[in-house]
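Here's the structure, in structure tokens; my notes come after.
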Amino acid sequence: METSSFNSILVATDYTELSENAVNTAAAVCKKHNATLVLLHVIKNAPAYTPEEPFNPTLDYTREMKIAAKSELRHFGDKIRDKYKIPVDEVVAYGEVVKEIVKTIEEKQPDLVMIGTHGASGFRRFFIGSTAYRVIKHTKFPVMTIPGMGDWTRFRNILFPIRLIPDALKKYDHIRPIIRTDDPVLNIIGLSMESDPESVKGVFELEEELETRLREDLVTFNVSFHHCVNYADRILEAANEKKADLIVIIATIDKTKGEFFIGPFSQQILNHAAVPVLCVRTQ
């Protein structure tokens, strides 16, 4: 198998339990790849405070906030370095959270971004409007959502759906580093809509192309094909059936009136998946 590895992984933290699981997952993956963990914390804009007494100067807490935030993040980074024995690059950004996360992604150019999410335990609409959702909309870098509950430090069963869409197999390149270190089973499910039987041939051809690469890479895999009414429903069902611990999807992006939106297929999976989801954009 050709050498494939992560060089850096970016993870955002706000020191909550939700983000802590994402940080630990990212650090564990970095350790396997001798990669750098880019640890990002964003502090929101703080307005200057003007006291009622005219003789007192206006107080601007921005400088103090930045100093405190850098010190706190450095301390957090030291704990990660000590525990995982990996290089950590601490970044404190100041401004609107999603904008600064996307900006830092563009500056650091990580191989992977990880963001914590609630998971599917009752939060069926948690993802709409969340930080993770908006980051996926606005960056072309691969983003893996990490549920707050569960141990995701090794992936043993990866679900790899194939639909007849442009660049359908592009996402394989983004999981090759994981395959190299974790040696998982790749569960390929070819999907076609019951209303579009003509797509079956195209899905078969994509599967054959992927199978050739998997054999070259010595990957353990299995294949199944499904006609379905709803792609996302079938993928979520298959994830449960296969006991998948990672779902890999192409995140379809729609553009309406100048705004970008994650398509309903991606939304449904991200909203309901109880396991990490790796979202790869092709546009």
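Values in this text are rule-based calculations from the coordinates and carry no lab data. Computed from a predicted structure; not experimentally measured. All Cβ positions, glycine included, derive from the backbone under ideal geometry; neighbour counts span all protein chains shown.
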Calculated from backbone phi, Karplus (6.51, -1.76, 1.60) coupling profile of the stretch 81-98 in Hz, x at Gly/Pro: 4, 5, 6, 9, 6, 10, x, 10, 10, 8, 10, 10, 10, 10, x, 6, 4, 5
Going by a ≥ b ≥ c, the root eigenvalues of the Cα gyration tensor, does the stretch 134-283 fall in the rounded group (a/c under 1.5), the prolate group (a/b larger than b/c) or the oblate group? rounded
At most 11 other Cβ atoms within 10 Å and a DSSP loop assignment: could you name the GluC sites (Glu not before Pro) in the stretch 157-232 that fit? GLU194, GLU198
Within straight-line cross-link reach of LYS103, lysines at Cα separation under 16 Å, skipping those fewer than 8 residues along the same chain: LYS44, LYS137, LYS140
For ALA168, what residues show an amide H to amide H distance below 5 Å, using hydrogens built from the backbone and excluding near sequence neighbours? none
Reachable aspartates and glutamates from LYS170, Cα under 12 Å, same-chain residues fewer than 8 places away excluded? GLU209
Cα pair distances of the stretch 143-183 binned at 5 Å [whole percent]: 5, 18, 25, 26, 16, 9, 2
Quick one: work out Rg over Rh on the C-alpha atoms of the stretch 7-46, Rh as Kirkwood radius. 1.05
